[in-house]
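These notes are about the structure you will find just below.
Read-outs throughout are calculated quantities, based only on the coordinates presented, and are distinct from any laboratory measurement. Since we're looking at a predicted model, the values are computed, not measured. Cβ placement follows ideal geometry from the backbone for every residue including glycine, while neighbour counts extend to all protein chains displayed.
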Amino acid sequence: MSWTSKNVDKSFDRDVRALLTDTDENGDLPIVQLGEPVLRQETMQYNGQLAQKTLLRLIDLMHKTMLDAPGVGLAGPQIGLGLAIAVLEDHIRDDEDDPRGIAELPFRTIINPSYEPIGEETASFYEGCLSFDGYQAVRKRYLHIKACWTDEVGNLHEEEMHNWPARIFQHETDHLSGEVYIDKAETRSLTTYDNLEDYWAFEAVPAEASKELGFKL
């Protein structure tokens, strides 16, 4: 399939183009923070409401904003847009034995994404969000998922994802249904970035944090 011009909503397209002009001095879109209603609302499914030029501009600015933040994912609601779209990208770090399973996740746009677990295996790691800036908390997520999405030209994709890339996909897809990671996180694990670096960054699996802060892994 492909997106067709017959579904373009001219009024919505105009509103999105106006949103894309509201950038900061670095050319990045403002990232909305918790408390903004858009972060708690179900997004609208995308069926071609935008002109292709507008869609590609939206994706380009979301990608730039995500990288500059810096982050590994950014969803439509995080820029104030209640549309089922997100961008993802992450790369292997220097830690060869990192138990989080960080792996290459090439840049991709996910439109109308969904996922389902493959098996019941989960893992709990510290996780953050650009819309809850300055904090991280431990969140349990499925290790293996079947991910489904449509790309920017309308092609449907299905892929098995594992470990850290699967976590990123789950995090961003959850945003599109009004969920933020902290909703199901271990709230006693909540920490500022500075305290995470000072106390808990030495271990990828937060066993010591679990013991000292009083939460279950």
Considering the dipole of the chain built from charges on the beta carbon (Lys and Arg +1, Asp and Glu -1) around the Cα centre, which of Asn155, Trp3, Pro77 is farthest to its positive end?
Trp3
Under 19 Å Cα-Cα from Lys53, which lysines qualify once same-chain neighbours fewer than 8 residues away are excluded?
Lys6, Lys10, Lys64
If the cut-off is a Cα-Cα distance under 23 Å, which lysines reach Lys211, setting aside same-chain residues fewer than 8 apart in sequence?
Lys140, Lys184
Is there a quick way to get the dipole size of the chain? I mean about its Cα centre, with the Cβ of Lys and Arg at +1 and of Asp and Glu at -1; what is the value in debye to the nearest 20?
900
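Do you know the relative contact order of region 5-213, to the nearest whole percent, from alpha carbon pairs under 8 angstrom that are 6+ apart?
20
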May I ask you to order 182-193, 25-36 by the average number of other C-beta atoms within 10 Å around their residues, highest value first?
182-193, 25-36
Fewest to most neighbouring Cβ within 10 Å: what's the order for Lys6, Lys53?
Lys6, Lys53
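Quick check on the chain: helices-only [θ] at 222 nm, where DSSP H runs of length 4 and up contribute -39,500 (n - 2.57) each and the sum goes over total residues. Nearest 500, please.
Details: 4 runs with 47 residues, N = 217.
Rounded to the nearest 500, the figure is -6500 deg cm²/dmol.
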With the charge dipole of region 5-213 built from beta-carbon charges (+1 for Lys and Arg, -1 for Asp and Glu) about the Cα centre, the Cα from Leu105, Gly48, Ser210 projecting farthest to the positive end belongs to Gly48
Net charge (Lys, Arg +1; Asp, Glu -1) of residues whose beta-carbon lies under 11 Å from that of Asn47, Asn47 excluded, is 0
Which GluC sites (Glu not before Pro) in region 44-109 pass both tests, a DSSP loop state and at most 15 other beta-carbon atoms within 10 Å?
Glu96, Glu104
